[in-house]
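> Can you read through this structure? Questions will come right after.
Values in this text are rule-based calculations from the coordinates and carry no lab data. Because the structure is predicted, anything quoted here is derived from the model rather than measured. Positions of Cβ are generated from backbone atoms using ideal geometry, with glycine treated the same way; all protein chains shown enter the neighbour counts.
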Amino acid sequence: MKPVSENRMTAQLSPQTGLQVDLPAFLTRQQHRIHLVGVAGSGMSGIAALLIELGHTVSGSDKVSTMETDRLQRLGLRFRGQHRPEDADPADLIVFSSAIKSDNPVLVGARDSGKTIVRRAEALAAIMRSKHGIVIAGMHGKTTTSAMTAHVLREGGLHPSHYVGAEIPILGSNAHWDPRGEHFVAEGDESDGTVALFHPEHTLILNIEEEHLDFYADLGAIEKVFSQLITQTTGKVFYNVDDENAARLCRSFTHGISYGFGETSDYRAVDIQLKDFASTFRVNHRGQDLGEVVLNVPGQHNVHNALGVTALASELGIGIEKIAKSLAKFEHARRRFEIKYDSPRFLLVDDYGHHPTEIRATLKTARSVGRKRVLTVFQPHRYSRTKALCKEFGRAFDDADRVVVTDVYGSSEAPIPGVTGQMIADEIDAHGHRGVSYEPRLEWVHRTVGNMLESGDLVLSLGAGNIHEQLSALAAELVIAEKLKEIVGKDGEVRLYEPLSKHTTLRVGGPAQFWVEPRNEKAFAGLIKFCRDENLPLFVMGRGSNLLVRDGGVRGVVVHPCGGVFDRIEINGPEITAGVGAKLKEVAYAGKAAGIGGMEWMEGIPGAVGGALRMNAGAMGAQTFENIVRVRYLDADGEVHTKSRDELEVHYRNFPLLEKNFAVSAVFRGQPAPLEEIVRKLEASQEKRRASQPAAKSAGCIFKNPDSCPAGKLVDELGLKNSHVGKARVSEVHGNFIVNDGGATAAEMLELIEKIKATALAKRGIELETEVQIVGEPG
Ligand code: EPU
């Protein structure tokens, strides 16, 4: 192939050494040893791939290895996981990433030994100069559009080489050298001004606006770089005339070709129809209809991108039918509106958008998909951008029903004091959005949004960092949640990350990973089998009256049998059959209504039948199993059994059968009694409770009563009433109650419990044992 450009990049001046090298010839017509510093970066790995394909012996160093470096190693890259100068010793040329600092040991070593050192973009510009270069430039949509261009040119038989900023499934890799073709399509990176190094034949300008203000002083500085690129373009400059800045800048150049939706555009899209995941439009060239394009990537911005590609490909002589056919086949780059999970109930989409304009466009697309609500999780990218564009971010989320903002992904930047995700959350809130929250712990984002989910939601993750991992975590959990939903049917309820503080009387505790409410035995049995088969932990929870859940919540499935058959209470003579979800109190009152006495003490127990069975709850000198006739339960395989009282082993505050089995209902027995007697006993219980127990939020008695002395009396005698840790406080009313003064954490509760235990042991030699069940993981 003959060299293309007349204006050759001879005598390339290496900025580091002053050595003069004909870089295009060096890189594309000779074979050398080349070392890349920071080879794992997305841009650098593309250069490595090109150099390997060009026949060079390529080595590279980086502190991290990635899937991409693994792939390159298979192609011949000699990868080093450290930056050691000696690894670059044999190299004739060093290429370094803009993320590499000047004191990097390989760079220092190379400088000392007088090697030629070039920046990534210089190497790319030089490689491009041996072909007909096509640069795709602009603030948003570069990767998609450069991939689209390479794809259309490839389908058009032009055998293009390409270099784009991300792994592109349809192209096979992020960079490829094809010796057969004359064109080289490259995504130009404006972030550090290096786009001005290119001398392409054609340029496609998508949009221009304020970005990368860590590098540029203002919009004027950005436009200067673009102007230089345009001036250096020898062929045509295709520009989006609907983008104000691009239009203003490019209009004056005679070699400009405009594209857009307005009548004056050289290439114009008309009859645009935006659908859920696709768009169709007709292309009109200076008044002449060329034909229809079907684009299988959504969003109006992609219609613009595809129109730009159509204009460029047409000018290169590819027929519209061929272009349309290629565009119809085009698939998205990874992390560009990438669907991670799709079911009739939920749609999870990930997008790389991290600039306000991109976010607005992507949210518009998400909105147009037609799901009921759009929930967004956003990870700001870079401290400098967060600071500079905070106001714009505040206005970018109008199309989202809910927004969860997490903390900034710094990339290579050091934190700027005071610049956090909170800034953006506050700005969105100040802008009037009513559904924004801040979750600084990235690893908890999927929990927060998971708990917001309602059938019909689309969840969109946005950001150029690692927020997509949270969406993947959510997608994996939804797979399980949907199976659980299938088991409990339409009457049942499944929620992700339900806060257990809502379901415990103490009002503390982290969330349940899967919160499931079955309404019948069959569903409950199905859950038991599913958890057994899938090796998922299963925990059954009633009214949470005797429960202390740690702040990290409970992993696995938390089954809350309630409603339906579980709340049912039936009376048969002196027997009362109650489902495990019914309140024990209600059993006492059902007894009153039917003239059955002996169960009045149950009035004072805040829990449900299931919990009362599990721990053989008691009050007023009585305990649950004194009234029990039969228990119906499911075993570990989900099989139903019924056992009568004399078959059951029961202890003080302990019923071992339910350690591995799950109660579904119980039959209680009292004795016929006159109504006045029942009422009198109920009132006595109420009165004792009111007089001796706190009304504040608590988990009932915290400790079991030791033989020697009731725990409440012991705590009282030790002078620990009213002692506290944070908002957890020993009740002044009863020493065996710890109350939540509002917003207490489980950690505070546990610390207070430990203090009481230590004091009881030290001062009285008594080992207190907790009665309250403590579950879950630390926060
Ligand atoms: N006492 C004190 N100071 C206190 C608390 C109690 O001196 O701060 C004295 C009382 O005056 C009484 C004795 O300790 O002489 C026992 O107290 P109480 O009668 O209140 O009974 P308890 O043993 O502390 C038990 C159950 C409660 C149930 C009551 C009512 C246990 C661990 N507790 O409490 O159950 O409500 O009887 O009959 O068995 C629960 O299990 O969660 C619970 C609240």
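> So between Thr231 and Arg555, what do we pick up on full extension, going 0.36 nm a residue minus the alpha carbon distance? Present the calculation step by step, with values, prior to reporting the outcome.
Numbers: separation 324, 0.36 × 324 = 116.64 nm, distance 6.03 nm.
Length gained, Thr231 through Arg555: 110.6 nm.
> Report the full-extension gain for the segment Arg441 to Arg345: residue separation times 0.36 nm, less the Cα-Cα distance, to one decimal in nm. Mind dumping the intermediate values first?
Working: separation 96, 0.36 × 96 = 34.56 nm, distance 2.70 nm.
Going from the current span to full extension adds 31.9 nm.
> About the Cα centre of the range 387-508, what is the dipole size in debye to 20, counting +1 per Lys and Arg Cβ and -1 per Asp and Glu Cβ, all else neutral?
Working: 13 positive and 20 negative charges, 57 e Å.
It comes to approximately 280 debye.
> Using a simple spin-label model with points 7 Å from Cα along the Cα→Cβ vector, what separation in nm is obtained for Ala221 and Cys709?
7.4 nm
> Shape verdict for the range 520-660, please, from the Cα gyration tensor: rounded (a/c under 1.5), prolate (a/b greater than b/c) or oblate. The partial results should precede the final answer.
Numbers: a/c = 1.77, a/b = 1.53, b/c = 1.16.
Cα axes put the range 520-660 in the prolate bin.
> Based on the Cβ-Cβ distance from Glu331 to Asp398, what FRET efficiency comes out when R0 is 35 Å, to the nearest 0.05?
Details: r = 29 Å, r/R0 = 0.84.
Rounded to the nearest 0.05, the efficiency is 0.75.
> What residues of the range 444-470 lie in the reach of a label at His431, counting those whose backbone N is under 17 Å from a point 7 Å from the Cα along Cα→Cβ?
Output list for this probe position: 460-464.
> Grab the DSSP H runs of the chain that are 4 residues or longer, score each as -39,500 (n - 2.57), total them, divide by all residues and round the 222 nm result to the nearest 500 deg cm²/dmol.
-9500 deg cm²/dmol
> Would you calculate the convex hull of the Cα atoms in the range 457-520 and tell me its volume per residue in Å³?
Values: hull volume 6.7 nm³, N = 64.
Normalising the Cα hull of the range 457-520 by residue number yields 104 Å³.
> To make sure I understand, if each residue's beta carbon is the centre and we count other beta carbons within 10 Å, what order do Leu471, Leu538 fall in, fewest to most? Walk me through the numbers on the way to the answer.
Values: Leu471 24, Leu538 18.
Fewest-to-most ranking of Leu471, Leu538: Leu538, Leu471.
> Give me the percent of Cα-Cα pairs in the range 356-512 that sit more than 28 Å apart, rounded to a whole number. Please report the intermediate quantities before stating the final value.
Numbers: 2914 of 12246 pairs.
Percent of Cα pairs beyond 28 Å in the range 356-512: 24.
> Please give the FRET efficiency for Glu626 paired with Glu687, using the beta carbon to beta carbon distance and R0 = 30 Å, rounded to the nearest 0.05. Could the numbers behind the result be given before it?
Values: r = 22 Å, r/R0 = 0.72.
Once the sixth-power term is evaluated, E becomes 0.90.
> What ranking of Val559, Val64, Val565 emerges when the number of other C-beta atoms within 10 Å of each C-beta is taken as an exposure proxy, fewest first? Could the numbers behind the result be given before it?
Numbers: Val559 24, Val64 10, Val565 18.
Least crowded to most crowded, the residues run Val64, Val565, Val559.
> So how strong a dipole does the chain carry about its Cα centre when Lys and Arg Cβ are +1 and Asp and Glu Cβ are -1, to the nearest 20 debye? Please list the in-between numbers first.
Numbers: 91 positive and 100 negative charges, 124 e Å.
Computed charge dipole of the chain: roughly 600 debye.
> Positive end of the charge dipole of the chain (Lys, Arg +1 and Asp, Glu -1 on Cβ, about the Cα centre): tell me which of His651, Ile756, Ile774 has its Cα farthest that way.
The one lying farthest along the dipole's positive direction is His651.
> Length gain on complete extension for the stretch Arg568 to Asp92, per 0.36 nm per residue less the alpha carbon to alpha carbon distance? Kindly include the intermediate steps, with their values, before the conclusion.
Numbers: separation 476, 0.36 × 476 = 171.36 nm, distance 8.26 nm.
163.1 nm is the gain from fully extending Arg568 to Asp92.
> Could I ask something else about it? Once Lys and Arg get +1 and Asp and Glu get -1 on their Cβ, which of Asn305, Gly492, Gly165 lies farthest toward the positive end of the dipole of the chain?
Gly492
> Hey, another quick one. Taking a cut-off of 34 Å, what percent of all Cα-Cα pairs in the chain are separated by more than that?
Values: 183977 of 303031 pairs.
Taking all Cα-Cα pairs of the chain, the fraction more than 34 Å apart is 61 percent.
> Please list log₁₀ I(q)/I(0) at q = 0.14, 0.21 Å⁻¹ for the range 404-461, using the Debye equation with identical point scatterers on the alpha-carbon positions.
With no solvent term, the Cα-only Debye profile gives -0.46, -0.91.
> Explain nothing, just the number: relative contact order of the chain, from Cα pairs under 8 Å at least 6 residues apart, as a whole percent. Could the numbers behind the result be given before it?
Working: 1751 pairs, mean separation 51.0, N = 779.
Taking the mean separation of contacting Cα pairs over the length of the chain, I get 7 percent.
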